[in-house]
Amino acid sequence: MFIVNREEAVLRELNLYPLWKKRGQAVPAIQSLPPVGAEAVNATEPLPVGESVALHSTDDITGLAWPELKLRVRDCAKCKLRAGCTQTVFGVGDEQADWLFVGEGPGADEDAQGEPFVGQAGRLLDNMLMSIKLKRGKGVYIGNIVKCRPPGNRTPEAEEIAACLPYLKRQIELVQPKIIIALGKTAATALLGKDATLASLRGKLHEYQSIPLIITYHPAYLLRTPSDKLKAWQDLCLAVKTMEG
């Protein structure tokens, strides 16, 4: 009986098997990655008993540690998104991760479960991680630009992004990742602070606060447009190459 190993199965799921390469060009090495971090810490764990549930501003979060930041996000009502969602979705993973993946915002599944990337797009993201020898929660942290689900999964509006982005910036300060992967245009333009097409941004190395920033497609887009999975694979290989120095 013919048995397909896990790595081959992942590559098939990403439309990358057999591995494509230009004639005479070696496939980017992905066997040697930096050591992964500690086990994941679930961002939705209960907050300390006795904490106040006051509404807070995002203007005074400098210096907040993880527990206080989680509380601030949970109680935030700075924009209209909070009134229409079930709960905030803070983020999940290794809080001292080398790799930080940033998406746009929660969808229906994420809003229900309180964790980013748990639906079909999440399963594809897990396969993308597996393809470069990574795993959710081990050396990887996953967050979003906005913490509340936009109605109908629409793109977050400018004022919604402006209200929520300070939370992500503080998460980045706390994680101190070695590389950031922006998943989709919303994440990319919010982190770069400029508007541009995804096509013009991907395939090259950017920086966020001196941290290498790679831009690729959002997994939800790849589910709709599987023909672009090869381009996403190339972006991931660029990220691995960047991490290897």
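No other residue among 177, 212 is closer than 16 Å to residue 132 by Cβ and surrounded by 19 or more Cβ atoms within 10 Å (Cβ to Cβ) apart from 177. With respect to the conditions (1) in a strand (DSSP E or B); (2) over 25 Å from residue 226 (Cα atoms); (3) touching a His at 6+ places or on another chain (Cβ under 9 Å); (4) not basic (Lys, Arg), residue 207 falls short on a single one, namely (3). Test residue 161 against the criterion of being closer than 23 Å to residue 126 by Cβ and β-branched (Val, Ile, Thr), and give yes or no. No, not satisfied. Filtering the range 115-141 to residues that are surrounded by fewer than 18 Cβ atoms within 10 Å (Cβ to Cβ) and closer than 18 Å to residue 156 by Cα leaves nothing.
Of all residues in the range 64-97, those satisfying the criterion of being touching a strand residue (DSSP E or B) at 6+ places or on another chain (Cβ under 7 Å) and part of a loop (DSSP other than H, G, I, E, B) are 89, 91, 94, 95, 97. Just so you know, in the range 190-221 the residues that are more than 14 Å from the chain's Cα centre (by Cα) and of a type in the set (S, T, N, Q) include one that is nearest to residue 241 (Cα to Cα), and it is 210. Beta carbons closer than 7 Å, at least 6 apart along the sequence or on distinct chains, pair a first residue in the range 172-191 that is assigned to a helix (DSSP H, G or I) with a second that is among the aromatic types (Phe, Trp, Tyr) and buried (at least 24 other Cβ atoms within 10 Å of the Cβ) for 175/141. Just to verify a result, which residue in the range 101-114, among those that are of a type outside the set (Gly, Ala, Ser) and assigned to a helix (DSSP H, G or I), is surrounded by the most Cβ atoms within 10 Å (Cβ to Cβ)? Restricting to residues being of a type outside the set (Gly, Ala, Ser) and assigned to a helix (DSSP H, G or I), the top hit is 110.
Rule-based calculations on the coordinates, nothing more; no lab input. In this text, all values refer to a predicted model and were calculated from it rather than measured experimentally. Quick reminder, even Gly has a Cβ in these numbers, built from the backbone with ideal geometry, and neighbours come from all protein chains shown.
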